[in-house]
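Below is one structure; the comments refer to it alone.
Each value in this text was obtained by applying a stated rule to the coordinates, not by laboratory testing. Here the structure is a predicted model, which is why all the values come from computation and not from measurement. Because the Cβ atoms are built from the backbone with ideal geometry, glycine has one as well, and the counts that use them run over all protein chains shown.
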Amino acid sequence: MTKSRPNIMERKEFRDLTSVEDARKLVEQIRVQPETIILPIDKAVGHIIADDIPSGVDVPAFNRSVKDGYAIRAKDTYQATEPKPEELRCIGSIPAGCTDKFFVDDGETIEISTGAPIPDGADAVVMVENTKQTGDSVFIYQPVHIGENIMRAGNDIMKGERILRKNTRIGSREIGVLASIGMNDVPVKRLLVGIISTGNELIKPGDELEAGRIYDANSYAIAAAIEECGGTARIYGIVPDDAALMEEALERAINECNIVLTSGSTSAGVGDIMYMIIEEKGETLTHGIAIKPGKPVVIGMIGNVPTIGLPGNPTSALSIFNEFVAPIIYNSLGVKPTFKTKITAVMGTGIRSGGREELFPVGVVRGKAYPADKTSGAITTLSDADGIIEIRAHTEYIEAGSEVEVTMFGNVKSPDLMFVGGQCPGTDLLEEITGLVFRTLKMGSSAGFTAISGGTTDIACVNMVDSEGNYNSSVIGKMNLEDVVLVKGYRREQGLIFSPDTHVYGLKDITGLQLINRNRGSGTRALLDRELGKLAENMGIPRSELIKSLKGYNSGSKTHRSVCDAVKSGKADVGFGLRAAAEEAGLEFIPVAEDEFDFVIRKDLLDIEEIQIFLSALRSEEFSKRLPTGMYSYEMTGRVISSF
């Protein structure tokens, strides 16, 4: 039987309106699949990242100076004092961008600019204000330590490190991060949303306004709202109240778009016929919502394309869009709604200002603001910040607990939990299982303990071993941390990582090889030190003597993946790290020891929902089964220890 066209002049009365609760449940169930496209970096702002983005390079790509001064060997300055400076011979100058090769020997120095590459032989930079140059002689008035005023290659971003997550909205800071790793082609999601404005009374902005006509505001206002949600708007123009023309425009939009929106022609008035066309071509899911101004709304499906009729009134159309259309776009793109431009937060820790007006970057976690500043040379200061606070010149100190106004960066999604400490793929897995957003600063176990002591993190990720082989509890005791608990995590195989053509059979074989070590303050480095101490004892020599024989012992890589990358690239012969990282990189692995990767949590946070979700995931069977090779839960996993 042929389906006849509804009488388009038949008046439709709204009798059975859908409740707001049911309407919200309805739109929560609607999902569409966006496509992935590649955009150049200068066109990517506002779009949603389609896949996790790892860095293909180290940032910086070379060891560079962060101060104007002199590149030196640190040991040449150890005896320097104001009354009796050390005298060094200046052999040249290195400006930023210089590619010439230099070598600094004992007793020598080279003048160096901020951002310039560190010459071979030098291991520190002394600031120019702590020196005086007379001819070829440079007098050093203050000692420096190894690595001082140097940003090492990969210290900001390591090659292979995930720098942006899938479903992140691209703003100015993300563009900065992408540009810093040299990425021009960006994979983004495209959710195409078509807009059709209907009505005989409408004309295009810019045309002459005639009697009885109004400008089409909806097409442009709704297009802007779509872009704010992360979608891509396509405006199909104005369609008169004519059934044939409406069908034609709707069919074209359905064939080209993921979602189609119409405005006008959805009420019960004579001449409003769009809802009838939707009913005829597809399925009407609801017509009329019990909310002002929701009575004229129609939600339907034509094929697999959600088709939604919005009111003709611009204010009403935007109100309904924000309430019932935006959630469909957000859910389909896998993102959460954007945040307000300015929010009021409470400082989670004190901030000392330098006595001048300052725009200070902060992260915001559950209404508390924390410093996110690293250094002017680190692009990840932006990546770890949610916004800025303005500190006036007369403000020397902002106390913890003070209310501050945070100007949020565009479209920022604040994290649910803050983590500081050691790096481990297990925390990435926990984030995935919980569905929470973690802000993770991978700075090493020592930094984790410092942060939890100062109240600047929710959770410290730690794997610090003591001389007796105990993990983490002794550090808590020594630091007199009375307001925290230790939550036992999981065990991990740590050992030697090397290429198949490198002949390594045990820890004793690494002498004479080029080692890539972990960064100072990391638990993995502390574990290697402990194992080297045991080896030295077996060899009958002091540990310091064994360490002197290890080339590269003073190196410091931030992550297990970057250790593997150094080995694969030939920069190092052997590294020390996780079995999981070695296998992922296709490298050889010899186990040396097992460590315990634990979590230190503030007592006052134990009962909040986010921490309970985290603990539940840590104790779950899913987490135990999905842990990478060489990592496993055990009988203590999830156990809360409060006595140290």
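Every Cα-Cα pair in the chain was counted, and those over 47 Å apart are 31% of them.
Of all aspartates and glutamates in the structure, those lying under 14 Å Cα to Cα from LYS281, and not within fewer than 8 positions of it along the same chain, are GLU247, GLU248, GLU251. Using θ = phi - 60° in the Karplus curve 6.51 cos²θ - 1.76 cosθ + 1.60, the 3J(HN,Hα) couplings for the range 252-263 round to 5, 5, 4, 6, 10, 10, 7, 9, 10, 10, 10, 10 Hz; x is entered for Gly and Pro.
As a proxy for reagent exposure, ranking ILE547, ILE277 by other Cβ atoms within 10 Å from fewest up yields ILE547, ILE277. For the range 418-641, the antiparallel share of DSSP beta bridges with both residues in that region comes to about 70%.
Where in the range 456-517 are there GluC sites (Glu not before Pro) that are in a DSSP coil and have at most 12 other Cβ atoms within 10 angstrom of their Cβ? Listed in order of number, the matching sites are GLU468, GLU482. Working note: Karplus 6.51/-1.76/1.60 with θ = phi - 60° gives the range 233-246 the couplings 8, 10, 8, 9, x, 9, 10, x, 6, 10, 4, 5, 5, 5 Hz, where Gly and Pro are set to x. In this entry, the range 64-151 is assigned a mean projected area of 4.7 nm², taken as a quarter of its C-alpha convex hull surface. Look at ASP595, ASP386, ASP242, ASP16 and count the other Cβ atoms within 10 Å of each Cβ; fewest to most, that gives ASP16, ASP242, ASP595, ASP386.
Per-residue ellipticity at 222 nm computed for the chain from its helices equals -6500 deg cm²/dmol, with DSSP H segments shorter than 4 residues left out and the rest contributing -39,500 (n - 2.57).
Helix 445-454 against the longest principal axis of the chain: what's the angle in degrees, Cα atoms only, rounded to the nearest 10? It is inclined by approximately 70 degrees.
Here r is the Cβ-Cβ distance between SER642 and ALA179 and R0 is 56 Å; the resulting FRET efficiency, rounded to 0.05, is 0.75. Counting neighbouring Cβ atoms within 10 Å and putting the fewest first, the residues VAL567, VAL188, VAL404, VAL20 line up as VAL20, VAL404, VAL188, VAL567.
Take the Cα of GLU399, go 7 Å toward its beta carbon, and the backbone nitrogen atoms of the range 443-468 under 19 Å from that spot belong to 454-456.
For the range 419-438, the residues whose amide N sits under 15 Å from a probe point set 7 Å from the Cα of GLU583 along the beta carbon direction are 425-426. Relative to the longest principal axis of the Cα atoms of the chain, the long axis of helix 523-539 lies at roughly 30 degrees.
Which loop chymotrypsin sites (Phe, Trp or Tyr not before Pro) in the range 457-545, with loop taken from DSSP, have no more than 13 other Cβ atoms within 10 angstrom of their Cβ? In loop regions of the range 457-545 (DSSP not H, G, I, E or B), the sparsely surrounded chymotrypsin sites (Phe, Trp or Tyr not before Pro) are TYR505.
Summing charges over all other residues whose Cβ lies under 13 Å from the Cβ of GLN142, with Lys and Arg as +1 and Asp and Glu as -1, gives -2. The angle separating the long axis of helix 218-229 from the principal Cα axis of greatest extent in the chain is about 30 degrees. Cross-link pairs exceeding 19 Å in C-alpha to C-alpha distance, out of LYS368/LYS603; LYS488/LYS558; LYS551/LYS571, comprise LYS488/LYS558.
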